[in-house]
1. Just to be sure I understand the filter: pairs with C-beta atoms under 9 Å, separated by 6 or more residues or on different chains, first member in region 15-29 and in the same structural domain as N55 (by TED's automatic domain parsing) and at pLDDT 95 or above, second member acidic (D, E) and near the ligand (Cβ under 8 Å from one of its atoms). Which pairs pass?
2. Can you spot a residue in region 39-50 that is away from the ligand (no atom under 15 Å from the Cβ), in contact (Cβ under 8 Å) with a residue 12 or more places away in the chain and surrounded by 15 or more Cβ atoms within 10 Å (Cβ to Cβ)?
3. Condition check: within 16 Å of the ligand (Cβ to nearest atom) and hydroxyl-bearing (S, T, Y). Does T4 satisfy that?
4. Applying the selection to region 1-38, what residues are in a helix (DSSP H, G or I) and loosely packed, with under 15 Cβ neighbours inside 10 Å?
5. Among all residue pairs at least 6 apart or on different chains, which show Cβ distances below 6 Å where the first residue, located in region 161-186, is outside the structural domain of G92 (by TED's automatic domain parsing) and the second is modelled with pLDDT under 95 and not in a helix (DSSP H, G or I)?
6. One residue is enough: does region 148-156 have a residue meeting the conditions of a type in the set (D, E) and either in contact (Cβ under 8 Å) with a residue 60 or more places away in the chain or away from the ligand (no atom under 15 Å from the Cβ) (or both)?
Amino acid sequence: MQNTKDSVVVLLSGSGSNFQAIIDASKNNELDIKIKAVISNTPGVKGLERANRENIPSKVINNNDYSSRSKFEKSLLSEIKKYSPKYIILAGFMRVLSSEFIDNFNGVILNIHPSLLPKFPGLNTHKRALEANEEWHGCTVHIVTKELDAGPPIIQCRVPIKKDDDDRLLASRVLIAEHLIYKKAIKLMLTKQLIYKNNKLISLNEDLITPVQITLE
Ligand code: GRF
């Protein structure tokens with residue numbers, strides 16, 4: 001039988017719980033994808049164990065083994081190209097990708113970011129949201145463009161900030177939301193409910209306004 005599933009390659013740097021949520025969604029037919037490979041820039045991380053357990057080919061391309069970012073990215077590029085993926089899924093991939101790299105994959109790199117972008121791009125988002133006395137925090141899946149954490153958002157999940165939250169508690173609730181929305185974002189793109197064109201996300205369905213908004217109470 002011909003395999004009609006859309007192929008993806010996952011890039012990660014750590015625990016890979018988002019990667020696991022995507023594996024689970026593909027196993028229970030919520031997502032019609034084939035995860036062709038996983039690439040980690042960090043050796044020994046749990047995300048690689050998860051790949052092993054699922055018999056998904058994995059590879060470490062350790063940025064510390066390269067004398068420059070462009071050499072590291074060249075290696076990353078040639079590994080990804082082996083699989084001709086439809087989408088590249090960044091799932092806790094903690095390296096900033098250069099414009100030159102992103103040019104190779106216009107509109108087909110997705111990222112999950114733990115904040116309600118455009119609020120709190122960059123690192124330490126949970127701590128910053130608490131310090132800013134926000135009522136709501138959350139996460140965003142977006143298209144990766146040359147400007148960090150600024151590509152068109154596909155979907156967001158709002159998570160209320162509670163009175164006794166610290167950044168660890170808040171992060172753990174946001175992570176649950178991340179697991180919920182990444183698979184939905186991938187599906188919205190793969191099924192062409194949303195189309196990326198001229199740096200924008202377009203929907204032909206009037207009821208589908210981006211970013212799609214979900215709330216986790
Ligand atoms: C997530 O919070 C993601 O938003 C951020 O890094 C974390 C990765 O978690 N970019 P995991 O490796 O998927 O568990």
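The values are calculated or read from the model by the stated rules, or taken from the named source; none is laboratory data. Here the structure is a predicted model, which is why all the values come from computation and not from measurement. Methodologically, a virtual Cβ is constructed for each residue, glycine included, from the backbone with ideal geometry; neighbour enumeration extends over all protein chains shown.
1. As it stands, the answer is S17/E178; N18/E178; A21/E178, since those pairs meet every condition given.
2. Looking for residues that are away from the ligand (no atom under 15 Å from the Cβ), in contact (Cβ under 8 Å) with a residue 12 or more places away in the chain and surrounded by 15 or more Cβ atoms within 10 Å (Cβ to Cβ), one finds none in region 39-50, hence no.
3. Here the answer is no, as T4 does not meet what is asked.
4. First pass over region 1-38, keeping only residues in a helix (DSSP H, G or I): 17-27.
Scanning region 1-38 gives D24, K27.
5. A177/L216
6. no
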